[in-house]
1. Quick one: is Gly36 over 16 Å from the mean Cα position of the chain (by Cα), in the same structural domain as Val9 (by TED's automatic domain parsing) and crowded, with 19+ Cβ neighbours inside 10 Å?
2. Report, ordered by the first and then the second residue, all pairs with beta carbons closer than 7 Å, sequence separation of six or more or different chains, a first member in the range 125-143 that is in a loop (DSSP other than H, G, I, E, B), and a second member that is modelled with pLDDT under 65.
3. Quick check: is even one residue across the range 7-14 surrounded by fewer than 17 Cβ atoms within 10 Å (Cβ to Cβ), of a type in the set (Gly, Ala, Ser) and free of Cβ contacts under 8 Å to residues at least 12 places away in the same chain?
4. Please go through the range 198-219 and pick out each residue that is in contact (Cβ under 8 Å) with a residue 12 or more places away in the chain and in contact with a strand residue (DSSP E or B) (Cβ under 8 Å, 6 or more places away or on another chain).
5. Every residue in the range 29-59 that is β-branched (Val, Ile, Thr) and modelled with pLDDT under 90, please.
6. Closer than 21 Å to Arg70 by Cβ, modelled with pLDDT of 85 or more and in a loop (DSSP other than H, G, I, E, B): does that describe Leu157?
7. Of the residues in the range 96-139, how many are crowded, with 16+ Cβ neighbours inside 10 Å, of a type in the set (Val, Ile, Thr) and modelled with pLDDT of 80 or more?
Amino acid sequence: MNEKSILVVEDEPSIAEVVGLYLSRAGFQVQTAKDGRQARSMLEKKIPDLVVMDIMLPEIDGLTLTRWLRDNSNVPIIMVTARREEIDRIAGLEMGADDYVVKPFSPQELVSRVRAVLRRVGRDQVEAESERALSFSTITIDPRTRVVTVKESQIELTAKEFDMLYLLARYPKQVFTRDQLLERVWGRADYIDPGTVTVHVRRLREKIESNASAPKYIITVWGVGYKFES
């Protein structure tokens, strides 16, 4: 099996060195970038299997780089932050990050997070390849190309928006709680604010519904969660 490639974007040399050492020992091919501009230059040449990226970076900050990455690829991203404010965690996740760790963190924990995200992404890809496109009256969702069309026009979704929509649409009328959506879409529910689900649902409605204030597809089941009406 080929070694998975990891790009570590970290401006603190000591942290970059330790993270790179632990990931290398775990069998990953590791490259490092000291700031957002260098990272973008490297990413424009080749997309790795996963990116570990600090939010606070010189030149181009981590959130801006995440937004750029999500416009150009579905590479998994684990964000690293020294800030503990909830708004920073949610901002990174909303822009498409797959997981995050807060400094100071255990390098072994980070390795475990990397492995978990790669396993989940690999499992999702296998499942997507075995699934057919879902078609409804005005919406088509293709898991193989990750393309969504509404009234024959392709719309842009973040990775997490697509994953949530596809999960709901695969099981029409089934009600998912917020914790279930966090577990199925983000991989775990114990560290992410349930409000993240609410934000993603709102954004999905704005993109796929004719009237986001009176949705016909993504329906709120008050006191429980959400379901997809076909």
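1. yes
2. Cβ pairs passing all conditions: Pro143/Ala128.
3. Within the range 7-14, one or more residues are surrounded by fewer than 17 Cβ atoms within 10 Å (Cβ to Cβ), of a type in the set (Gly, Ala, Ser) and free of Cβ contacts under 8 Å to residues at least 12 places away in the same chain.
4. Within the range 198-219, Val201, Leu204, Arg205, Lys207, Ile208, Tyr217, Ile218 qualify.
5. Hits for the range 29-59 are Ile47, Ile55.
6. Judged against the criteria, Leu157 is a match.
7. The qualifying residues number 5.
Yes/no matrix, rows are residues, columns are (1) modelled with pLDDT under 90; (2) surrounded by fewer than 16 Cβ atoms within 10 Å (Cβ to Cβ):
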position	(1), (2)
Met164	no, no
Leu168	no, no
Val175	no, yes
Arg178	yes, no
Glu206	no, yes
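The values are calculated or read from the model by the stated rules, or taken from the named source; none is laboratory data. Please read these numbers as outputs of a predicted model, since none were measured by experiment. In this analysis, Cβ positions are derived from the backbone assuming ideal geometry, glycine residues included, and neighbour counts consider all displayed protein chains.
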